[in-house]
Amino acid sequence: MTTGGISFSTPLFWSLLTLGQILLVTVVLLIGIAFLLLFDRKVWAAVQWRKGPNVVGPFGLFQSFADLLKFVFKEITIPAGADKFVFLLAPVISVTFALAAWAVIPFAPGWVISNINVGVLFLLAISSLGVYGIIMGGWASNSKYPFLGSLRSAAQMVSYEVSIGFILITVILLAGSMNLQTIVEQQNGGLLNWNVFGGGARWSDKVMTVVMLPMSVLFFISMLAETNRPPFDLPEAESELVAGYQVEYSSTPYLLLMLAEYCNIVAMCAMISILFFGGWHAPFPESWIGLQNWPPLVAHLWALMWILIKIVVAFFMVAMAKAIVPRYRYDQLMRLGWKVFLPTSLAAVVLVAAWRVFGPQA
């Protein structure tokens, strides 16, 4: 296709289009994280009967942007015995992998940067690589507290990634695909067709609720451990490790580490919405409102609205866990991952696989 001498089928055009999509998603994501961070602080304050940030801008809406300017203009301090190159490279690696995960997350039908058939596998791989930034930062700081924090993080993330992997397999078995758009599309038709209630439109499929509902709870708890969120923030525990793997960081490198953590948290909130709670689908059959007859752009904005609502609700649950659940001891955390979550998720894989093979066929 050519218009005004410009070809729309050249590699250059598609490269520029993809770059534009990446910039759009990144900018919107960063602005969204700024307000979600404020929301996190407001929820924590409300639980403690405080007002929270309320000075910078109306209702404190610009507090996160003020914090951004504060971190950017602070002096970067590097410990004398640190490996300077690795010390500064670690936050960059962390935030790069955290942003890369968003490449395969769909926001509406067709609204995804890269619609690959192994989207679930890509996300699992990227989340596994994210720990390298934390390990490098803890080691390069040349201090015992950050190093212990990074070792904790590595052990913790590896432990809970195993159970997350098995939980993902249950969803893949139900959907018959690792494509995230396909997983969402198969949950069309209202609340009862979501994977948390067994997926599928047949009433016989609802028997899988006894497996998938606990799996959604296990996924939520595992994602708290995977992203170092309370009550599983042992790599950052100030009571015994001062501040863990990031204690020697300040200014922009510290900002990047926090940005990577919140990018991962929001990505996990998007994942639980996509895998278990219907993604961009409304909790009622969209045929009731004649969605198929709406203009495509309006229908896509409707879908975008629902997935954003689900992400915010999931983030609210994460914030409430931080505010009301006491921190685990490290031995309790590891015992929960290896002795409870791993065998439970493995049993769920066996049950779902048996259902798919021996249960009622479509």
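Within segment 216-231, is there a residue that is hydroxyl-bearing (S, T, Y), closer than 27 Å to G119 by Cβ, surrounded by fewer than 24 Cβ atoms within 10 Å (Cβ to Cβ) and out of contact with any Lys or Arg (no Cβ under 7 Å at 6 or more places or on another chain)?
Quick first cut of segment 216-231, residues hydroxyl-bearing (S, T, Y) only: 216, 222, 227.
Those left that are additionally closer than 27 Å to G119 by Cβ: 216, 222, 227.
This time we only want the ones that are surrounded by fewer than 24 Cβ atoms within 10 Å (Cβ to Cβ), so: 216.
Subset that is out of contact with any Lys or Arg (no Cβ under 7 Å at 6 or more places or on another chain): 216.
Yes, that holds for at least one residue.
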### Task
Being of a type in the set (G, A, S) and under 22 Å from the mean Cα position of the chain (by Cα) is the filter; apply it to segment 129-154 and report the residue that is surrounded by the most Cβ atoms within 10 Å (Cβ to Cβ).
G137
### Summary
Counting only residues that are among the small types (G, A, S), modelled with pLDDT of 90 or more and buried (at least 17 other Cβ atoms within 10 Å of the Cβ), segment 304-354 contains a total of 4
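Give the residues of segment 85-127 that are among the small types (G, A, S) and surrounded by 16 or more Cβ atoms within 10 Å (Cβ to Cβ), sorted by residue number. Walk me through how you get there before you give the answer.
Applying the first criterion (among the small types (G, A, S)) to segment 85-127 yields 90, 94, 98, 100-101, 103, 108, 110, 114, 119, 125, 127.
The answer is A90, S94, A98, A100, A101, A103, A108, G119, S127.
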## Note on the structure
When segment 17-67 is checked residue by residue, the ones that are within 19 Å of C269 (Cβ to Cβ), of a type outside the set (K, R) and touching a Pro at 6+ places or on another chain (Cβ under 7 Å) are L38
## Note on the structure
Contact list, first residue from segment 138-159 and under 17 Å from G81 (Cα atoms), second anywhere and of a type in the set (D, E) and surrounded by 22 or more Cβ atoms within 10 Å (Cβ to Cβ), beta-carbon distance below 7 Å, six or more apart or interchain, is S141/E248; S143/E248; P146/E248
### Summary
Within segment 1-52, the count of residues that are out of contact with any strand residue (DSSP E or B) (no Cβ under 8 Å at 6 or more places or on another chain), surrounded by 12 or more Cβ atoms within 10 Å (Cβ to Cβ) and modelled with pLDDT under 85 comes to 2
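Per-residue answers, yes or no, for (1) assigned to a helix (DSSP H, G or I); (2) in the same structural domain as L291 (by TED's automatic domain parsing); (3) within 25 Å of W111 (Cβ to Cβ); (4) touching a helix residue (DSSP H, G or I) at 6+ places or on another chain (Cβ under 7 Å):
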| residue | (1), (2), (3), (4) |
| --- | --- |
| L168 | yes, yes, yes, yes |
| L174 | yes, yes, yes, yes |
| M178 | no, yes, yes, yes |
| V184 | yes, yes, yes, yes |
| Q187 | no, yes, yes, yes |
| K206 | yes, yes, no, yes |
| V211 | yes, yes, no, yes |
| V217 | yes, yes, no, no |
| M223 | yes, yes, yes, yes |
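Could you please let me know if L180 is among the aliphatic types (A, V, I, L, M), surrounded by fewer than 18 Cβ atoms within 10 Å (Cβ to Cβ) and closer than 20 Å to W280 by Cβ? Steps first, please.
On the way: among the aliphatic types (A, V, I, L, M): yes; surrounded by fewer than 18 Cβ atoms within 10 Å (Cβ to Cβ): no; closer than 20 Å to W280 by Cβ: yes.
So L180 fails the test.
The values are calculated or read from the model by the stated rules, or taken from the named source; none is laboratory data. Quick caveat: nothing in here was measured; it's all calculated off a predicted structure. Cβ sites come from the backbone with ideal geometry, for glycine too, and all protein chains shown count toward neighbours.
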